[in-house]
């Protein structure tokens, strides 16, 4: 599965569960951690967990399992590490506190609407 296909599945899973402010950052030239970060937030701790679980479920359905997962039961920041794509799902206040978008301000912002286009298939 390509990196873009992973991003598409993750973004669609987040969107389907009503994640807020979904962002995709291309960090390839900035870090060896990953090629892309996907950042989104939920409106409650339950919503945040549901978002992370849905991303993991949808990618698992395609045979893709996270290399590493952080955040469990009541966490306000979940990280799903798929090596080339790292998904960060925050509780809203936690996202505002850590401000990853500002920390990675030199990253290229990727237009998420290209992954949500349902007319392509």
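Any read-out appearing in this document is the output of simple, stated calculations on the displayed coordinates, not a laboratory observation. Being a predicted model, the structure only gives us computed values, none of them experimental. Backbone-built Cβ (ideal geometry, glycine too); neighbour counts: all protein chains shown.
Observations on the structure shown:
- A simple spin-label model places pseudo-atoms 7 Å from Cα toward Cβ; at residue 113 and residue 81 they are separated by 3.5 nm.
- Here the Gaussian network model covers the chain, with springs between Cα atoms less than 10 Å apart; of 20, 56, 96, 96 fluctuates the most.
- Helices in the chain, meaning DSSP H runs of at least 4 residues, each add -39500 (n - 2.57). Divided by all residues, the mean residue ellipticity at 222 nm is -11000 deg cm²/dmol.
- A protection proxy built from the mean count of other Cβ atoms within 10 Å ranks the segments 5-17, 23-35, 105-117, most packed first, as 5-17, 23-35, 105-117.
- A straight chain from residue 101 to residue 68 at 0.36 nm per residue would run longer than the Cα-Cα distance by 9.7 nm.
- Averaging 1/r over each pair of different alpha-carbon atoms in the range 3-107 and inverting the result gives 13.4 Å, the Kirkwood hydrodynamic radius.
- Paramagnetic reach from residue 20 (point 7 Å along Cα→Cβ, amide N under 13 Å) across the range 85-117: 90-97
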